[in-house]
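Have a look at the structure below, then the notes.
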Ligand SMILES: [Zn+2]
């Protein structure tokens, strides 16, 4: 596919979409700080380009500025490789990226690094640190901290963060920004600053800036890439979440705990701390082809267990994707009379309750083993299917109550089915893909999705069938033998022919958005 796709074809997969946010909801002082914060975010692009490859910064400076197709593609993928097509290069003269990008010597392989560490155990921590670059010094391998390698860029970023801190009228945010500047420069541990970010819950903005995810390190999977995300928080919408949380015990009664199993909820149980926000800009590793609809940070396990984390739902990105990608799918796969029933609110609360459902249902079996351990390699598919089905059950049973807005069941059903097709386009075999297949197959067989070709959703049957599927999934998690789990997946986990055919017929529709970030 990659050698036949033109840049035009690569970009045709994305629908340009403007993202907006409510600047008026921010104080004038916060608004004045935005340009400095955006400049700091742009700094993450520069750093990310340096991390990607030696040739990338100059290429981006010289070719990514204009409005021609190549410039737009370079900006969209934030580099010269198609991140959705196995990192195929699309610029003449640029080859495939190095697996370790520019964070290791070009000629260093995994075995040599491991052999060096085995022979020099004192070097292990520094060489495998997520925030060091590995270099050759004569015949030695040495680790150089990011704060040293990227000093110049980081100084500029820190100056912008401090300028923003001087302007904002929220003391906690100002303090966090100054601390973050220090952490980026290596003057304070990043983990400490990450913990400060988790504790900061009443600020008007979420400022995510620094090295976080390690997916782009194809050599060792350990080095973190720089990214930036600036978001305006909707505290009013967040208050609805507190209402949902206050009613968690009631919601938990809708998710079965079969066969003596135990759930995660104890006294004073909480759901994952969620934030609803609109994105102002995303940069670096935070935007390279696909813009995230939500994120969950920080990754540091020590910070997560001691202080916690934040789950941020990016509402304007979710809405843009829903309108640009899910709505056209609905027009093709749903009966015409139902295609107009699509509702962003139904979709948004479905995603939100998916996260809530992860903390409901069985977590330990009667024998004390965790469901995760007991279900082995099939756990993720069952758990994702449970979270989706649980969300559907909660939405249909409690809409209009407990912080969940009143939604028409027909709209819930139509938005849900269109959403299955949208996710299924990203693959049917990994955990999320298989979870989609299970739901589709179950609802087809139980008469909730009816017809041939274009489908209709029977909302009443959907309610009953969803409760049945949720019970089945919870029972398998709580007490299923390996054979019973295999048998269920053989029955419901193989992609039905009509789903495969329907997804193939969506090939010409955009798979995602090309975001146009708001001017600040
Ligand atoms: Zn999930």
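The values are calculated or read from the model by the stated rules, or taken from the named source; none is laboratory data. Being a predicted model, the structure only gives us computed values, none of them experimental. We place every Cβ from the backbone using ideal geometry, glycine too, and count neighbours over all the protein chains shown.
In region 338-446, which helices (runs of 4 or more DSSP H) lie fully inside it and hold 1 or more residues that are away from the ligand (no atom under 13 Å from the Cβ), at pLDDT below 95 and touching a strand residue (DSSP E or B) at 6+ places or on another chain (Cβ under 6 Å)?
On the way: elements: 344-358, 371-375, 379-398, 409-424, 431-445.
The qualifying helices (runs of 4 or more DSSP H) are 371-375.
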Top-ranked residue in region 77-102 [being over 15 Å from residue 57 (Cα atoms) and under 22 Å from the mean Cα position of the chain (by Cα); ranked as surrounded by the fewest Cβ atoms within 10 Å (Cβ to Cβ)]: 86
Would a scan of region 243-252 turn up a residue that is part of a strand (DSSP E or B) and at negative phi? no
Tell me the residue from 164, 174, 195, 181 that is buried (at least 18 other Cβ atoms within 10 Å of the Cβ) and closer than 19 Å to residue 47 by Cα, please. 181
On the given criteria, is residue 508 at pLDDT 95 or above, out of contact with any helix residue (DSSP H, G or I) (no Cβ under 7 Å at 6 or more places or on another chain) and surrounded by fewer than 18 Cβ atoms within 10 Å (Cβ to Cβ)? no
Could you list all residues from region 11-65 that are surrounded by fewer than 20 Cβ atoms within 10 Å (Cβ to Cβ) and part of a strand (DSSP E or B)? 15, 16, 18
Inspect region 286-302 for any residue being over 29 Å from residue 45 (Cβ atoms), away from the ligand (no atom under 16 Å from the Cβ) and in a strand (DSSP E or B) and give the result as yes or no. no
